[in-house]
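For reference, the structure discussed in these notes is given below.
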Amino acid sequence: KQPPCECNNCYTGKDCSILLSDCPVNANSGDPLFLEPFWMRQAESSAALVSGWHRMSYIYQDGTFVSEALETVIRKLHSVVGNAVTDNRFVIFGSGSTQLLAAAVHALSLTNSSSLPSRLLASVPYYAMYKEQAEFFDSVHLKFEGDAFAWKNSERNDNTTQVIEVVTSPNNPDGKLKRAVLEGPNVKTIHDYAYYWPYFSPITVPADEDLSLFSLSKTTGHAGSRFGWGLVKDKTVYEKMKRYITLSSMGVSRTTQLHVLQLLNVVVRDGGDNIFHFGHETLKKRWETLNKVISMSTRFSLQKIKPEYCNYFKKVRDFSPSYAWVKCERPEDANCYEIFRTAKITGRDGKVFGSEESFVRLSLIRSQDDFDHLIDMLKKLVFQEGVEA
Ligand code: PMP
């Protein structure tokens, strides 16, 4: 006899297919399950089988922690997509770009010859991890200083204090292509390109920066595999990052590296046509649906980004960011997160991104069920506006 089906708390019925009408929707986390249907169709070609006696050693045959085949396919991926220059760059692997971020900040703060700590900056709105890591690791070499624009215009900016600016492009939360705010011999930059893939943004130029970070989570959607990579120009910085990775985890799991190799081989096999077209079409449709709902509202607005030419799709195209960066326009709706939470939509508070309470971030890259549910709840919220008017 089958045990009774245990539905998650939003579904009911024999086969858990009936959505409870008033169930809160999770639009908070950036879990990239929008790519799951693509991988379901590639179930066989993307599978990796590891026998018990395989890959037991810490190291590869060449004595490193790094799979050469994986490094080769990563370089190929960038050349196929056209989103980054890999010539004259060292490639470094990490357990997610989260670990590489810490490694990069560590490496760049150590190259500071002054006795004062380097200042870590990012322009608002920024991904909260930069601040949280800096404050948690609490290094004597580093201090999180907040908004890069505010620093640029402040009296404390003496143009000699060493600063590290994190440039997230496309940006999390608003999806815009960002450029560094600060410049000068005292400025070092980390470019976080987690979202610089054709799903989310036109590929306008190949990234050609000193230190660029990429994340498997937003490339293939395998966030749980915890894999990211960096492209690093300077050998000393690369060596310092490598030391950080070695001392914190002795490299990245070899099983993960094998799995990632298998996945990226599927991605590059047809020039990325399949996955990037699938993912882009999915998000394009989601944005069309979302725009339709929000266009009926005067209470809420979305970020606006001008279309640009995409070297990957070879046409001018709209952005289709991972997140809706929603503004509550009415003064009485000062706490936008609360307005949505009351309407049973859990987003992420604008304050988390160093921004204002009048913003909330809604994730659009979760599963189709989550997205459909989000749209249902949004329609109710916007419809309520019409009733109140
Ligand atoms: N950078 C940005 C801008 C992100 O949004 C995220 C994850 N959401 C990361 C880095 C971390 O990615 P990973 O899963 O590779 O650690």
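Out of all the residues in the range 19-26, is one or more within 16 Å of the ligand (Cβ to nearest atom) and either not in a helix (DSSP H, G or I) or not assigned by TED's automatic domain parsing to the domain that holds Cys336 (or both)?
Looking through the range 19-26, at least one residue is within 16 Å of the ligand (Cβ to nearest atom) and either not in a helix (DSSP H, G or I) or not assigned by TED's automatic domain parsing to the domain that holds Cys336 (or both).
Cβ contacts < 6 Å: first residue within 8 Å of Ala194 (Cα to Cα), restricted to the range 205-220; second residue in a strand (DSSP E or B) and within 14 Å of the ligand (Cβ to nearest atom), any location; separation 6+ or different chain. Result?
Here the result reads Leu213/Asp192; Leu213/Gly230; Phe214/Trp229; Ser215/Gly228, each pair linking the range 205-220 to a residue that is in a strand (DSSP E or B) and within 14 Å of the ligand (Cβ to nearest atom).
Among the residues of the range 175-219 satisfying the criterion of being assigned to a loop (DSSP other than H, G, I, E, B) and charged (D, E, K, R), which is nearest to the ligand (Cβ to nearest atom)?
Lys178
Please state which one of Glu135, Glu145 is assigned to a helix (DSSP H, G or I), among the acidic types (Asp, Glu), on the phi < 0 side of the Ramachandran plot and in the same structural domain as Val187 (by TED's automatic domain parsing).
Being assigned to a helix (DSSP H, G or I), among the acidic types (Asp, Glu), on the phi < 0 side of the Ramachandran plot and in the same structural domain as Val187 (by TED's automatic domain parsing) holds for just one of Glu135, Glu145, which is Glu135.
Looking only at residues in the range 77-116 that are more than 22 Å from Leu247 (Cα to Cα) and modelled with pLDDT under 95, which one is farthest from the ligand (Cβ to nearest atom)?
Ser115
Restricting the search to the range 302-341, which residues are surrounded by 15 or more Cβ atoms within 10 Å (Cβ to Cβ) and farther than 19 Å from Tyr195 by Cβ?
Hits for the range 302-341 are Lys327, Cys328, Asp333, Asn335, Cys336, Tyr337, Ile339, Phe340, Arg341.
Does Leu142 satisfy being modelled with pLDDT of 95 or more, away from the ligand (no atom under 16 Å from the Cβ) and touching a Ser or Thr at 6+ places or on another chain (Cβ under 6 Å)?
Answer is yes for this residue.
Scan the range 148-161 residue by residue and report those that are at negative phi and either more than 16 Å from the ligand (Cβ to nearest atom) or in contact (Cβ under 8 Å) with a residue 40 or more places away in the chain (or both).
Selection gives Phe149, Ala150, Trp151, Lys152, Asn153, Ser154, Glu155, Arg156, Asn157, Asp158, Thr160, Thr161.
Exactly one of these conditions fails for Lys284: (1) assigned to a helix (DSSP H, G or I); (2) within 27 Å of Met129 (Cβ to Cβ). Give me its number.
With (1) assigned to a helix (DSSP H, G or I); (2) within 27 Å of Met129 (Cβ to Cβ) applied to Lys284, the lone miss is (2).
Could you pull out the residue among Ile294, Ile305 that is in a loop (DSSP other than H, G, I, E, B) and of a type in the set (A, V, I, L, M)?
None of the other options fit; the residue is Ile305.
For the range 220-250, name all the residues that are within 16 Å of the ligand (Cβ to nearest atom), part of a helix (DSSP H, G or I) and not aromatic (Phe, Trp, Tyr).
The answer is Ala223, Gly224, Ser225, Met241, Ile245, Ser248, Ser249.
Can you tell me how many residues in the range 152-164 are surrounded by fewer than 22 Cβ atoms within 10 Å (Cβ to Cβ) and not in a loop (DSSP other than H, G, I, E, B)?
Of the residues in that region, 1 qualify.
The values are calculated or read from the model by the stated rules, or taken from the named source; none is laboratory data. Keep in mind the model is a prediction, meaning the values are calculated, not measured. All Cβ positions, glycine included, derive from the backbone under ideal geometry; neighbour counts span all protein chains shown.
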